[in-house]
Amino acid sequence: MSRNDPPTHWSGHIAPNGTALGTVRICDFTGQLAGAGATKWLAAFGAEVIRIEDPVNQGMWDVLRNMAPFIDDRRGPDYGGGFNNHNVEKRGITLNLRTDRGKEILTEIIAKSDVVSENFAAGVLDKWGFGWDRLREIREDMIYVSNCGFGHEGPYGQYKTWGPIVQAMSGLTFTSGLPDREPAGWGYSYMDHTGGMYMALAILFALIHKQRTGEGQWVDLSCTDAGLSLNGPAILDWTVNGRPSRRADSPNGNRSAYPPMAPHGIYACAGEDEWVSIACRGDEDWALLADQIGEPWAKDEKWKTLEGRIAAQDELDEKVTAWTRTRDKFDVQRGAVREGVPAAAVQKPAERIDQDPGTEEFGLWPEVDHAKMGRVRVDGLPAHFSKTDWKIEQGGPCVGQHTDEVLSSLLGYDADEIARLHEEGIV
C-alpha cells in the first residue's frame, strides 16, 4: 500500500518499515504537550503525523513555537525548544483555513488519514466546518480524538483550560501541601504530561476497535476527568475511612503514615539546595543507618523502636538533618544503599540528564536533526520494544517545512499548482 492511497482501515500488522504504526496516518491539530505529546508517541512508533498549521500566524496557535528554552540567541516560531521536543518525527504543513481552497485541501488530507486529533477548546473544529458530522462525511471510518478541558458535554463544556487549571479542577492541587497550610499545588503542569498520555492511549484503543470492526468513532476526552481518575486512593480513603485529603492532622508530605516509617523524608546536605531522601522501613533499617551515622545519639535506646522514633519524629529529623548537612548527598546515598537502606540523592536537571549513567544507557536523551537548529537533544520515551522500538531522529517541523512535500507526495499536486497556492496565500 502506497502512502498516497487511503488505507481501508488499520491492519494492526507491523509495517514494511518495521514500525508498529507505520500504516497509520494522523491529521494533527494538536498543540502544547497535552496534545502534541500524544502524537509524539505515535510518530516515534512509525505513524505518519501531519501537523496542520496556519500560515497567517506562523503556526502560533501552539504558543510553544516561540517559547524558551532556546539553544542560542535566535528567536521565532522555528526555535522553540519545547515545541521541537513535543513534535519530533512529524511533518508540518500550513493551510489557510479561512479560504475555501484551504478547506478543500484539508478535506483531501482528512480523506487519506485514519485519525484526526486536536486539543482545542470544545467546538473549534465545528466552527471551522470540520466537526464530527463533517468528518464522518469525508471518511466513514474516521477516528476523531478531541482532548479539551471538560469534554464536549455538560455544563462546563465551553470553559477553556490549561494544565494547572485542570489540576485544580480535578482536585490534584488540593491534595498537595503541608499540614495546616493552604494547598501548595504542583510545581509543573503535571496534567499536560498525563493528558497527552491519556490521549495517546485513546487513539490506540480506537485504532484497535477499527482493526477489529472497520468502524471509526469520536473519542471525546476530558482532561479534567483524566485528572480526577488519579485521585482514586484519596477518594477511597474518604469513602472507606472518612479521612479527607486535606485536614488539620494531615501528615507531613515527606513522611510516611501508611505504613508508618521513621525516619522518612528529604534531608538537607552539604551545599546550596542539595538534598537526599532516606526511608527506614523498620527497626532493622534504622540499625543499619545508625551504624552509618556513627554518632552516639544514633545509638540511643529511644530510637531503636518504630514507636520511639515516631513519638519524637521532629527531633529525629533534626538530628538526621544535622548529620546529612555536612555530607555530600551522593556519599549519603551510596553509604545507605550499600547497607540496604533505601536512599537517593535528589538530583538537579544536569545531574539527572548529563551525569546519570542510567538515563544515558537507556537512550532517554536522543539527538535529532532540526532544519534550523541543527543537532539538538530531546526527550526520548521511557519504554523500549524488542521488536518494534521507537525511533526519534528528526526534529519538529519548521513552519510549513513539509507543505510542498505533502501536497505533491500525498495529494499528487504538480509544481505549478503548488506555486499558485503559495502565491494566493493558501499555503
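Computed from the coordinates by the stated procedures, all read-outs in this text should not be read as laboratory data. Since this is a predicted model, take the numbers as computed values, not measurements. For neighbour counting, all protein chains shown are included, and Cβ atoms are generated from backbone atoms with ideal geometry for every residue, glycine included.
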Just to verify a number: FRET efficiency for PHE205 and VAL124, C-beta to C-beta distance, R0 = 30 Å, to 0.05?
0.80
Subtract the Cα-Cα distance of ASP237 and LEU288 from 0.36 nm times their separation in residues, and report this length gain in nm to one decimal.
15.0 nm
I need LYS372, LYS319 ordered by Cβ neighbour count within 10 Å, fewest first.
LYS372, LYS319
Set of aspartates and glutamates with alpha-carbon distance to LYS329 below 19 Å, sequence-local pairs under 8 removed:
GLU272, ASP273, GLU274, ASP285, ASP291, GLU295, ASP317, GLU318, GLU339, GLU351, ASP354, ASP356
Using a Förster radius of 60 Å, what is the FRET efficiency between ARG136 and LYS348 based on their Cβ-Cβ separation? Nearest 0.05, please.
0.75
note: the range 274-347, Cα-Cα separations exceeding 18 Å make up a percent value of 32
When the charge dipole of the range 214-334 is computed with +1 at the Cβ of Lys and Arg and -1 at the Cβ of Asp and Glu, the Cα pointing farthest to the positive end, of ALA311, ALA287, LEU221, is that of ALA311
Mean-square fluctuation maximum in Gaussian network of the chain, Cα pairs under 10 Å, restricted to ALA311, ALA68, ALA121, hits ALA311
Computed over the chain: longest principal axis from alpha-carbon atoms vs helix 283-293 long axis, angle to nearest 10 degrees, is 80
One finds the C-alpha centres of the range 197-246 and the range 22-89 to be spaced, in Å, by 25
Hey, what angle do you get for helix 190-213 against the long axis of the chain, alpha-carbon based, 0 to 90 degrees rounded to 10?
50
So if R0 is 56 Å, what FRET efficiency would THR107 and ILE310 give, r being the distance between their Cβ atoms, rounded to the nearest 0.05?
0.25
Let me know the whole percent of all Cα-Cα pairs from the chain that are separated by more than 27 Å.
61
Given the pairs LYS210/LYS387; LYS127/LYS160; LYS160/LYS348; LYS160/LYS210; LYS40/LYS372, which are separated by over 25 angstrom at their Cα positions?
LYS160/LYS348; LYS160/LYS210
Relative contact order [Cα under 8 Å, 6+ residues apart], the chain, whole percent:
19
Starting from the Cα gyration tensor of the range 316-396, multiply each eigenvalue by 5, take the square root, and state the resulting semi-axes largest first in whole Å.
37, 16, 9
Taking H as built 1.01 Å from N, whose amide H comes closer than 5 Å to the amide H of VAL346, not counting residues under 5 places away?
TRP275, VAL276, SER277
Which Cα, out of VAL341, ILE109, TRP238, lies furthest along the positive dipole direction of the chain (beta carbon charges, K/R +1, D/E -1)?
TRP238
Which one of GLY76, GLY37, GLY400 has the biggest mean-square fluctuation once the chain is modelled by GNM with Cα springs under 10 Å?
GLY76
In a Gaussian network model of the chain with springs linking alpha carbons closer than 10 Å, the residue among ASP220, ASP389, ASP291 that fluctuates most is ASP291
With the label point 7 Å along the Cα-to-beta-carbon line of LEU381 and a cut-off under 19 Å to each amide N, the hits in the range 207-236 are 207-211
Nearest 10 degrees, 0 to 90: what angle lies between the long axis of helix 313-324 and the longest principal axis of the chain (Cα atoms)?
80
If you stretched the chain out fully between SER256 and ALA322, how much longer would it get, using 0.36 nm times the residue separation minus the C-alpha to C-alpha distance?
21.7 nm
Amide H to amide H, which residues 5 or more places from THR94 or on other chains are under 5 Å from it, using H placed in the peptide plane?
GLU53, GLY400, THR403
Counting each DSSP H run of 4 or more residues in the chain as -39500 (n - 2.57), what helix-only mean residue ellipticity at 222 nm follows after dividing by all residues, to the nearest 500 deg cm²/dmol?
-10500 deg cm²/dmol
If every Lys and Arg gets +1 and every Asp and Glu gets -1 at its Cβ, then about the Cα centre the chain yields a dipole, in debye to the nearest 20, of 420
